[in-house]
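Report on the following structure.
The values are calculated or read from the model by the stated rules, or taken from the named source; none is laboratory data. Note that the structure is predicted; figures quoted are calculated from it, not measured. We place every Cβ from the backbone using ideal geometry, glycine too, and count neighbours over all the protein chains shown.
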Amino acid sequence: MSPSTKNVWFLVVPLTSMINVAGPWEVLGHANDLLGHEAYRLRAFGPSAPATQTRFGLCLSGVQPLPSRFGHAPDVVVVAGASPADPIPVDQAPLVPWLRRHGPRIETVVSICTGAFVLGAAGILDGRRATTHWMFLDALRARFHKVRVVDEGIYVEDRGVWTSAGLAAGVDLTLALVEKHHGHALAMRVAKRMVLFLRRSGHQAQFSSALRHQEQESPPLRGISAFVLEHITEPLPVERIAAQVGMSPRSLSRWCRRHLDESPAELVRRLRLAEARRLLEETSLPLKDVTERAGLGDLSTLWRVFMHDLGLTPAEYRQRFSPRTGPPLPGCLPRQQNARFDGA
């Protein structure tokens, strides 16, 4: 084993969702493949060794008993889901004293979804910010008064303790760990290999505005918006979009005018502005990178679009609306402009 290899122990409990284990495990496994060496040595432990039945009947084998003694502590421990019941079920309870005893020796402690309840019971979350699945935020808050339970993101890191929202958010958290250990480029390569539409930042809400609006969009608009967002860094002339959604360029233009009161080019521009706004709000990327990822060409175009549509420079927008720099100032944007572009 290479000196740079990190020992990662997954603590798996009965009836957890399989994705709580498989999603993060896959991220680290693909990272190993792409690096060409074992950067992460993965092992599964649990109170129901040698096998654990997951929530919907699949059985996970290869689970080892929790070791009461070990020479070197693991570098990362992942609690892959747990019951939010109070008290914690008997078949999951052994994790609590184990973490209480060994947690201080472990560099990075992670919970996926309701695994936060085990960390809370072990005292690991005391004095820290933490999150969990949106259905159980209130329960976590009510049960553990020393924990600052937050719901402003899909994962939270506080002094070596990482907690995530439900299910797929564990993939985003693990990608963030890979980025911390091996850089942004590797994390993006893993995300692409796993065919992820978007590698989400921790600041993204559990329910994004895009998801809310997708629920309300008509089928033609869903197809158009999805195609634009998937290819947002590429040239998107009306002919290309029309061919993708099975319309002629003229029909697409008429449809956009009738239903959206804008041309296809204006739709693309609006979605690119929305993506630039998201990147400014959720990341600390340089403005040049924001421009490239939103498909806006160059910095002067980014500046002109923000000034024309929002009355702010990109830097001013980030200062006012990024959670990293504080809450939005009231009344920064005209109501009409906010309504138009928040819907993209």
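Quick notes on this structure:
- Where Pro286 falls short, out of the listed (1) surrounded by 15 or more Cβ atoms within 10 Å (Cβ to Cβ); (2) at pLDDT 90 or above: (1)
- Scan of the stretch 284-308 for residues that are touching a helix residue (DSSP H, G or I) at 6+ places or on another chain (Cβ under 8 Å) and in contact (Cβ under 8 Å) with a residue 24 or more places away in the chain, ordered by number: Ser284, Leu287, Val290, Arg293, Ala294, Gly295, Leu296, Leu302, Val305, Phe306
- When residues of the stretch 160-170 are limited to those that are of a type in the set (A, V, I, L, M, F, W, C) and surrounded by 24 or more Cβ atoms within 10 Å (Cβ to Cβ), the one farthest from Ile19 (Cα to Cα): Trp162
- Within the stretch 107-122, being out of contact with any Pro (no Cβ under 6 Å at 6 or more places or on another chain) and either free of Cβ contacts under 8 Å to residues at least 60 places away in the same chain or among the aliphatic types (A, V, I, L, M) (or both) holds for Glu107, Val109, Val110, Ser111, Ile112, Ala116, Val118, Leu119, Gly120, Ala121, Ala122.
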